[in-house]
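The values are calculated or read from the model by the stated rules, or taken from the named source; none is laboratory data. Since the structure is predicted, the reported quantities are computational estimates derived from the model, not experimental observations. In this analysis, Cβ positions are derived from the backbone assuming ideal geometry, glycine residues included, and neighbour counts consider all displayed protein chains. Ligands, DNA and RNA are stripped out before the accessible areas are found, and what is left, the full protein with its side chains, is counted by its heavy atoms. Shrake-Rupley method; radii C 1.70, N 1.55, O 1.52, S 1.80 Å.
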Amino acid sequence: MTAKTIKNISNPDTYKGMYSFHKYWGKKPTESITFFIQNYTNESDIVLDPFLGSGFISRECLYRRRRFIGIDINPFAIEHSNFLLELPKASVFQSALQEIETKIKYKINKTYLTNNGEIASHYLWSSGELLKVWMKPKVGRSRIEMETTSFDLEKIESFSQYSTRNIRKLTFFTNSRINSSNQMSIYDLFTRRALHNIDLILDEIKLFPDTIQKALLLTLTSSSGQMSSMVFAITNRGKTKNQISNKIEVGSWVIGYWRPELHFEINVWNCFESRAKKLYKALVDISEHKYLRHESISALLKSRQGALIINDDCIDVMQKIPEKSIKMICTDPPHSDRIPYLELSEIWNSILNKDVNFEKEIIISNAKERNKKKSKYIEKMKSFIGESSRILTDDGTFLIYFNARDQESWKFLEILENNSDLQFIGAFPMEYSANSVVQDNRKGGMKTDYVLVLKRKGCSISYKRELLDKIPGWSTLVPQIATAT
Ligand SMILES: C[S@@+](CC[C@H](N)C(=O)[O-])C[C@H]1O[C@@H](n2cnc3c(N)ncnc32)[C@H](O)[C@@H]1O
């Protein structure tokens, strides 16, 4: 192992290629995961992630010829993980994109036509009032800014009665932490013109075979944030230090459903195309496109390779896994009240037309009507540890990525002392990858995750302590937990 490989275990590189194509709340870098797969499992061993998320661990396992089981309650997570296990060839994806472009780009652009015959790229809105219309010049980079005309307003008005055809109804809860309310609908987050254009793209995507359809759908979910009315405008940003400029720049959408007063409406085709190009570039570098997948636990157990990806409650599924059959459990469970995954994924799941089981999510939510309290969360986390202890092999390794700013949320670990066959052997801190979504920027929020390493009590197998000692920050003490301030 090189010094860089060791350093990256706790201080990972920035996401690149496929890793940066789609956001997921709390996406974890894979450097520490691959370190443990390489050094603590053998070919054909089974690795389990009961809180799969974006699913990058599945590719890391299959690439190294380990079997893999991934479970998540979030349909988006399953769609993304399945996509990673059967990626289209770059050239096939590009032809599909060109086909869609030929059929609908002109139709979408027609909805952004201006009175001088140009196509608008951005509209700057302030609380329901259209302030400016931007266009890209034919040559050069700097934009052309136009005042709003009655032509622009009439165009917008022509969509005022539009109802989306392809996106299912969204479920929102009243949760001030993510700026949502149960009265909210998709029409509060997107202009009707944007929804009309998203429908045009969805009509075309449906015509493609499964693998390419998945890739195109994820391109759409990945670009949906920039298509929404949640893209803030950056003001007062000077080119050089201390220099204030009134020039407005395009920001981004941020975690949650914040609808900034001053915001952009961006040309839907441009958003889709720029994400598609990013995916195309990532696909060009992919060597293994398709991995074996199984449909049931018994099929995976009989085989020597492949993956099983399940959209369900992990505790229900783990109860069906035979005891002492899993060599490594490597997982990043929901961290108490930090990220309400299902609430945040509602736009993606509605575009994918997936139903969501909010009831079974293990989470603490500020949305009162969900009744997701801390006590329930701790109880569920204890069940998860209990099941893990039952299914881990005698020489198995159990990694839990965790982070919570209050002591109480760590309470599920009590089960280790009293009521399980597992033992804590050490932990190390792990920084987020530079461009991952910030999980918790509240005062007192912890800046790093901790990776807790557990094994079976009394297991006499050598634990390669010399390897663990090399990990930056490795300690055999339970991490010092930051308390809320
Ligand atoms: C911290 S995230 C995992 C992120 C993942 N490590 C990644 O790199 O993308 C936790 C995941 O747990 C899932 N989850 C919550 N309740 C669950 C349940 N009852 N069963 C399975 N998964 C659940 C959430 O949907 C979320 O994807």
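Brief remarks follow.
- Cα-centre dipole for segment 287-397 with unit charges at Cβ (Lys and Arg positive, Asp and Glu negative), debye to 20: 160
- Local charge for residue 257 was computed over the other residues whose Cβ lies under 12 Å away, with Lys and Arg +1 and Asp and Glu -1, and equals -1.
- Rh (Kirkwood; distinct C-alpha pairs) - segment 1-100, Å: 14.9
- The angle between the Cα long axis of helix 31-40 and the main principal axis of the chain comes to about 30°, on a 0 to 90 degree scale.
- Helix 268-284 vs. the chain, principal-axis angle (Cα, 0 to 90°, nearest 10): 40
- Segment 182-320, relative contact order in percent, only Cα pairs under 8 angstrom and at least six apart counted: 20
- In a fully extended conformation the segment linking residue 139 and residue 249 would gain 37.6 nm over its present Cα-Cα distance, using 0.36 nm per residue.
- Ellipticity estimate at 222 nm from DSSP helix runs (n ≥ 4, -39,500 (n - 2.57)) divided over the chain, nearest 500: -9500 deg cm²/dmol
- Solvent accessible area, Å² - residue 216, 1.4 Å probe, full protein context: 0
- Segment 238-333: chymotrypsin sites (Phe, Trp or Tyr not before Pro) in DSSP loop, at most 16 other beta carbons within 10 Å: 258
- Placing 335, 263 in order of accessible area, with the largest value first and a 1.4 Å probe, yields 263, 335.
- Cleavage-rule hits (GluC sites (Glu not before Pro)) in segment 1-101: DSSP loop, at most 14 neighbouring Cβ within 10 angstrom: 43
- For residue 309, the solvent-accessible surface with a 1.4 Å probe is about 30 Å², rounded to the nearest 10.
- Extension gain, residue 199 to residue 166: 0.36 nm times the residue separation minus the Cα-Cα distance gives 11.3 nm.
- Taken about its Cα centre, the chain carries a charge dipole of about 840 debye when Lys and Arg each add +1 at the Cβ and Asp and Glu each add -1 at the Cβ.
- Length gained when the stretch residue 289-residue 101 is fully extended (0.36 nm per residue, less Cα-Cα span): 65.2 nm
- Computed over the chain, the range of Cα coordinates on each principal axis works out to 78, 50, 45 Å, biggest value leading.
- Charge tally in the Cβ shell below 11 Å around residue 424, where Lys, Arg are +1 and Asp, Glu are -1, residue 424 excluded: +1
- Principal-axis tilt of helix 210-227 within the chain, Cα atoms, nearest 10 degrees: 70
- Segment 122-229, Rg to Rh (Cα coordinates; Rh as Kirkwood inverse mean 1/r): 1.01
- Under-5 Å amide H pairs with residue 422, H placed in peptide plane, nonlocal only: 457
- Relative contact order (percent, whole number), the chain, Cα cutoff 8 Å, 6+ residue spacing: 21
- Across segment 149-163, computed HN-Hα scalar couplings (Karplus, 6.51 cos²θ - 1.76 cosθ + 1.60, θ = phi - 60°) run 10, 5, 4, 4, 5, 5, 4, 5, 4, 5, 9, 4, 9, 5, 10 Hz from first to last residue, x flagging Gly and Pro.
- Heavy-atom accessible area, probed at 1.4 angstrom with all protein chains present, ranks 324, 372 as 324, 372, highest first.
- Using the Karplus relation 6.51 cos²θ - 1.76 cosθ + 1.60 with θ = phi - 60°, the per-residue 3J(HN,Hα) values for segment 171-185 come to 9, 10, 10, 7, 9, 5, 4, 10, 6, 10, 9, 6, 8, 6, 9 Hz, with x marking Gly and Pro.
- DSSP beta bridges confined to the chain are antiparallel in about 70 percent of cases.
- Cα pair distances in segment 39-167, grouped into 10 Å bins until the bin that holds the longest one, percent each: 10, 23, 20, 20, 16, 9, 2
- Out-of-range pairs (alpha-carbon distance over 22 Å; input 105/214; 107/206; 89/278; 132/278; 23/281): 132/278
- Charged neighbours of residue 372, selected by a Cβ distance under 14 Å, balance to +2 (K, R count +1; D, E count -1).
- 103, 374, 368, 89, reordered so the largest accessible area comes first (probe 1.4 Å): 368, 89, 103, 374
- Rounded to whole Hz, the Karplus (6.51, -1.76, 1.60) HN-Hα couplings of segment 339-348, x for glycine and proline: 9, x, 4, 5, 4, 6, 8, 4, 5, 4
- Förster radius 25 Å - calculated FRET efficiency between residue 423 and residue 466, Cβ distance, rounded to 0.05: 0.80
- Calculated on C-alpha atoms, the gyration radius of segment 277-391 divided by its Kirkwood radius gives an Rg/Rh of 1.02.
- In segment 219-327, GluC sites (Glu not before Pro) in a DSSP loop with at most 14 other beta-carbon atoms within 10 Å: 261, 288, 295, 323
- The relative contact order of segment 1-150, computed from alpha carbon pairs under 8 Å that lie at least 6 residues apart in sequence, is 12 percent.
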